[in-house]
1. Out of the residues in the stretch 168-178 that are part of a helix (DSSP H, G or I) and open to solvent by 90 Å² or more (accessible area, probe 1.4 Å), state the one that is farthest from Asp189 (Cα to Cα).
2. Inside the stretch 144-167, can you point out the residues that are under 24 Å from Ser187 (Cα atoms) and of a type in the set (Lys, Arg)?
3. Is it true that Asp104 is of a type in the set (Asp, Glu), under 26 Å from the mean Cα position of the chain (by Cα) and surrounded by 10 or more Cβ atoms within 10 Å (Cβ to Cβ)?
Amino acid sequence: MPSSYSTQYYATGALPIPPPSKVPYPSPSYYATGDSTYSVSPPEDLDASVSSASGYGNSYSVAASSYASSSQGEYDSAGSASGVDLNEYMQERFAATFDPLALDKCTAKQAQTSGHLNAKHRELLELQAKAQARLAKTRARFAQGMEDAREVRNDLEWTQKKVASLKAKASKKHSKEYAKARARYPSPDMY
């Protein structure tokens, strides 16, 4: 069965499309080791402005400025279409909307409040020191008062014992006079 092909799909004598003239593309280099073949990229040059390769069959060089010039204008403020510097424009807008007076007032108020707080803190520390000194004095007085109270109690107990012994001696030695005095001046513990 004969097959007929239409020539509209196949161009006779078609040539390959050449690469753009800006960047010449090198032909890849192939190395064969044993039974495998692989391609190798050209080595990178240390100089960033020029890339070149030699020893791979073709020698070529590409200036880095050809790549940079295409994207440099997108963010460069001097090369913008309207001639307006973006940084300068943003600074002017910020300066127009930003009021430093409110910030200055806020900073002054903060400094004033901080000063008041520091003064009150110092005052509290002084009052605390005074209160601690007073507490120490009060504790010392209380301890002295407790000691005095013990001494007074001991003295009262001794006096009570002495009076009881004198009473017993007097009642034995002078029993008639003691009974007569007791009748005349009764003791409060009798009631």
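The values are calculated or read from the model by the stated rules, or taken from the named source; none is laboratory data. This is a predicted model, so every value here is computed, not measured. Note that we place each Cβ from the backbone using ideal geometry, even for glycine, and neighbour counts take in every protein chain shown. Remember, those area values only see protein heavy atoms, side chains included, never the ligands or the DNA or RNA. Shrake-Rupley method; radii C 1.70, N 1.55, O 1.52, S 1.80 Å.
1. To start, the set of residues in the stretch 168-178 that are part of a helix (DSSP H, G or I) comprises 168-173, 175-178.
In the following step, the residues that additionally are open to solvent by 90 Å² or more (accessible area, probe 1.4 Å) were identified as 169, 172-173, 176-177.
Details: Lys169: 19, Lys172: 20, Lys173: 22, Lys176: 21, Glu177: 20 Å.
Only one residue tops the list, namely Lys173.
2. Passing the criteria: Arg153, Lys161, Lys162, Lys167.
3. Numbers: of a type in the set (Asp, Glu): yes; under 26 Å from the mean Cα position of the chain (by Cα): yes; surrounded by 10 or more Cβ atoms within 10 Å (Cβ to Cβ): yes.
Criteria met by Asp104.
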